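Structure, as structure tokens:
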Amino acid sequence: MLNFLLRRFGQTLVVLLVVATVTFFTLRAVPGGPFSQEKATTDEIKQALEEHYGLNRPLWQQYLAYLGNAVRGDFGPSFKYANRSVTELIAESFPVSLELGVWALLFALPVGIALGVLAALRPGSWLDRAASATALGGICLPTFVTGPLFILVFALWLGRFMPMGWDFPRDRVLPALTLGLVYAAYVARLSRGGMVEVLRLDYIRAARARGAPEWLVVCKHGLRNSLLPVVSFLGPATAGLVTGSFVIETIFHIPGLGRHFINSIANRDYTLTLGTVLFYSALIVLMNLVADLALGWLNPKI
């Protein structure tokens, strides 16, 4: 396990270096700059700003300086938010995105596992077809479609929720449902496939032959092994729930990190874009590592 962790840590460093390099030079290749859209900025002021932020230095010097600061956890100052550093903006807005992802995951896991197990217990029945159709609909409908539909039905027509905001507990319901619906569909399909395969194994037939109740066979003997595909999916799914909230935060006007990321690209805010990309990349790698460790715990043969 220690060798595995050391190898993954080395791979993580390589991945983050590649992500930082590609993102840095891609941003610099895009026409325009962080101060080119300021209409009231004269050439003298623009040159002074570039000198202050080090943008007048050769590109390779900027790259090495940024890497050196990033290793120390300093992503530099934001070009568009006065007197604010990128680290401060991430620390301020990421908890909102994390909370949204956690609520979506708490919805996706139980709903997806329940639908998948129920469908696997009666393969080919109307329950199986209904669960499969629901899962397929959740996969096919993108969040930028389901989000406005939920706002139209539950906020405007029924008046049960607010169409935007993040101030009250009920404001979490529609964004979490919109984001978690897609992942609940994937979890349902994976858990159904895993449970169907497990219920055909010899030890399941032996447990039934000994007279074990069906609920005990399913929950104790079958569920643990049938969830291995779900656990494999949880690594990228958890990272996707947190990092994939860009559209949700825009639709529901949630003050999360995703909105900062979108605005930083439009504003050519190099440091904020680089900081959020590196932060999200590290988070994705960490979630995949946790999923691999959980798989090893569930199935020691791995």
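Could you go through region 250-268 and let me know if any residue there is open to solvent by 60 Å² or more (accessible area, probe 1.4 Å) and of a type in the set (D, E, K, R). Yes; the residues of region 250-268 include at least one that is open to solvent by 60 Å² or more (accessible area, probe 1.4 Å) and of a type in the set (D, E, K, R).
Applying the set (1) in contact (Cβ under 8 Å) with a residue 12 or more places away in the chain; (2) farther than 17 Å from GLY180 by Cβ; (3) acidic (Asp, Glu) to GLU99 leaves exactly one unmet item: (2). Scanning region 138-170 for residues that are free of Cβ contacts under 8 Å to residues at least 40 places away in the same chain, in a helix (DSSP H, G or I) and of a type outside the set (A, V, I, L, M) yields CYS140, THR146, PHE150, PHE154, TRP157, PRO169, ARG170. Give region 216-226 a look and list any residue that's open to solvent by less than 30 Å² (accessible area, probe 1.4 Å) and either among the acidic types (Asp, Glu) or over 13 Å from VAL117 (Cβ atoms) (or both), or say none. The answer is none; no residue qualifies. Residues in region 200-215 that are at pLDDT below 80 and open to solvent by less than 50 Å² (accessible area, probe 1.4 Å): ILE204, ALA207, ALA212.
Going by the conditions given, is THR276 at pLDDT 80 or above and in contact with a strand residue (DSSP E or B) (Cβ under 9 Å, 6 or more places away or on another chain)? Give the steps one after another, and end with the answer.
Working: at pLDDT 80 or above: yes; in contact with a strand residue (DSSP E or B) (Cβ under 9 Å, 6 or more places away or on another chain): no.
Spelling it out, it is not the case that THR276 is at pLDDT 80 or above and in contact with a strand residue (DSSP E or B) (Cβ under 9 Å, 6 or more places away or on another chain).
For region 67-86, name all the residues that are modelled with pLDDT under 90, crowded, with 17+ Cβ neighbours inside 10 Å and assigned to a helix (DSSP H, G or I). Result: ALA70, single match. Evaluate region 230-244: report whether one residue or more is free of Cβ contacts under 8 Å to residues at least 40 places away in the same chain, assigned to a helix (DSSP H, G or I) and surrounded by fewer than 24 Cβ atoms within 10 Å (Cβ to Cβ). Checking region 230-244: not a single residue is free of Cβ contacts under 8 Å to residues at least 40 places away in the same chain, assigned to a helix (DSSP H, G or I) and surrounded by fewer than 24 Cβ atoms within 10 Å (Cβ to Cβ). Set side by side, the residues SER85, SER93, SER78 differ, and just one is closer than 18 Å to THR276 by Cβ, touching a Gly at 6+ places or on another chain (Cβ under 6 Å) and of a type in the set (S, T, N, Q), which is SER93. Within the set of pairs 6 or more residues apart or between chains, which connect a residue that is touching a residue at least 24 places away in the same chain (Cβ under 8 Å) and small (Gly, Ala, Ser) inside region 192-209 to a residue that is part of a helix (DSSP H, G or I) and open to solvent by less than 80 Å² (accessible area, probe 1.4 Å) with Cβ atoms less than 6 Å apart? Hits for this filter: GLY194/SER226; GLY194/PRO229.
The values are calculated or read from the model by the stated rules, or taken from the named source; none is laboratory data. No experiment lies behind these values; they were computed from the predicted model shown. Note: ideal-geometry Cβ built from the backbone for every residue, glycine included; neighbour counts use all protein chains shown. Each accessible area value is taken on the protein alone, full model and side chains, heavy atoms only, with ligands, DNA and RNA left out. Shrake-Rupley method; radii C 1.70, N 1.55, O 1.52, S 1.80 Å.
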